[in-house]
Amino acid sequence: MKIRTRRFEGRCAKHKTYNPAVDGREAIRGSCPRCALLAEIWETSLRLNSLIRKFNPNHDDLQRPPQPENPPDPRQMNLLDG
Ligand SMILES: [Zn+2]
């Protein structure tokens with residue numbers, strides 16, 4: 001099964017700056033059907049991701065760069081030492 005191999009570069013012609021991933025549904029102007037469709041595509045892709053993770057928790061197709069561990073905060077250490 002091969003899914004989610006393509007990048008979707010959809011943009012509303014009227015609202016080129018609208019990005020459902022960033023702006024959410026609240027930012028859709030005048031209930032624009034194209035923007036609403038973009039939002040639906042985005043929400044569906046999120047749902048697909050969560051379903052895939054539910055099936056295989058080790059699967060991560062986002063390929064996030066490894067997060068560096070936060071160095072211990074000295075103030076917090078002092079608080080703990082009390
Ligand atoms: Zn639009």
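Please treat every number below as a calculation from the coordinates, not as lab data. Keep in mind it's a predicted model, so treat the numbers as computed, not measured. Cβ atoms come from the backbone with ideal geometry, glycine included; neighbour counts cover every protein chain shown.
Restricting to region 3-59, name every residue that is touching a His at 6+ places or on another chain (Cβ under 7 Å) and part of a loop (DSSP other than H, G, I, E, B). Explain how you work it out, then say what you get.
Within region 3-59, the first condition is being touching a His at 6+ places or on another chain (Cβ under 7 Å), and the residues that meet it are 29, 32, 35, 52-53.
R29, C32 - these are the residues of region 3-59 that are touching a His at 6+ places or on another chain (Cβ under 7 Å) and part of a loop (DSSP other than H, G, I, E, B).
Quick one: how many residues across region 1-25 are farther than 25 Å from L51 by Cβ and among the acidic types (D, E)? Step through it out loud before you land on a result.
Taking region 1-25 as the starting set, the residues that turn out to be farther than 25 Å from L51 by Cβ are 11-18.
Keeping just the survivors that are among the acidic types (D, E) gives none.
The qualifying residues number 0.
When region 6-62 is examined, which residues are found to be small (G, A, S) and within 13 Å of the ligand (Cβ to nearest atom)?
The answer is G10, A13, A27, G30, S31, A36, A39.
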